[in-house]
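The values are calculated or read from the model by the stated rules, or taken from the named source; none is laboratory data. In this text the structure is predicted, and so the values were computed from the model without any measurement. Cβ: placed from backbone, ideal geometry, glycine included. Neighbour counts: every protein chain shown. Calculation scope for accessible area: heavy atoms of the full protein, side chains included, ligands and nucleic acids excluded. Shrake-Rupley method; radii C 1.70, N 1.55, O 1.52, S 1.80 Å.
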Amino acid sequence: WVNDALTGPGFRLHNNSIQSRRFGALVMGRDGEISANRFHDNPASSILLLNDDDYDNPRESRMGFMPRDIRIVGNSFTNSTRCTPDPYHAGSAISLEGVIASAVVGPNPVPFGSAAEPFVRVAYDGVSGITIENNRFDGFCRGSAVLLGEAVNTSVRNNTIGGPPNAVAAAIKVADSTAIFIEDNTLLGWTEMVAAIQVQANSTQAVRIT
C-alpha cells in the first residue's frame, strides 16, 4: 500500500516479485516509480491507482490522496485479474477491473450493502502525470490490461499486451479522462484496433492514438 501519508513523495517499488495478493500495489502516493517488478497470479488489479474516498469534495482538496507523477516502467504481469471481484472488499469492483487501473471515487450515499458498489465514480481528473511504459502483460482473465479512468496527462507507450480473456476485452480502455497518449504498443490477440483500444465517447476528443 503506497499511501502519501505513510511513504511521502518519491517512493520507489523496484525489482520485487508480488504473487497471489489481492492487489499487487494499491497506490495513493505521488512522485514515484514502480519498475522491474514481477506481478503474478494476483486476483484483482496488480497496480490500482486510487484516491482515498473518505472525503467528499475534490475541488476543496478534500478528496484524499491522489496518485500523480508516477512512472510504471519495465514490469511484467502474468495470469492477472483471475477472480470475480467482491465490490465490498477493499475497492474490488467490476468498474475497476484492469491489470493496471486508475479511478477517482467518492462514497456512495445509499445505505451500505444496497448498491452494486460501495462507492461512486467522481467526474474529476485527479489521477495525473502517469507514465505506463515498456511493460509486458501475459494473460489476464477479466477487464482490460490498462484501464484509465479519471486520468489526465497520462501516456501508455511501448507496452506488449497479450493473452486476452476468452470474451476478448479491450487491451486498453479509457473513460472520463483527458490528455491521454497511447503510442507504439504491441497488442497480441486482437484482430481489429477498434476492439483492442476502446475510448468512451466522453474522452474521444482528448485521446491520441498512434
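Worth a mention:
- Under the condition of being under 21 Å from L49 (Cα atoms) and surrounded by fewer than 10 Cβ atoms within 10 Å (Cβ to Cβ), the residues counted in region 182-192 number 0.
- Options A201, A195, A179; residue that is open to solvent by 10 Å² or more (accessible area, probe 1.4 Å), among the small types (G, A, S) and modelled with pLDDT under 85: A201
- Among the residues making up region 18-28, a single one is surrounded by 18 or more Cβ atoms within 10 Å (Cβ to Cβ) and either more than 14 Å from the chain's Cα centre (by Cα) or of a type in the set (D, E) (or both): I18.
- Selection status of S144, within 21 Å of N79 (Cα to Cα), buried (at least 16 other Cβ atoms within 10 Å of the Cβ) and either free of Cβ contacts under 8 Å to residues at least 24 places away in the same chain or among the hydroxyl-bearing types (S, T, Y) (or both): yes
- Count - residues of region 132-170 that are of a type in the set (D, E, K, R) and modelled with pLDDT under 95: 3
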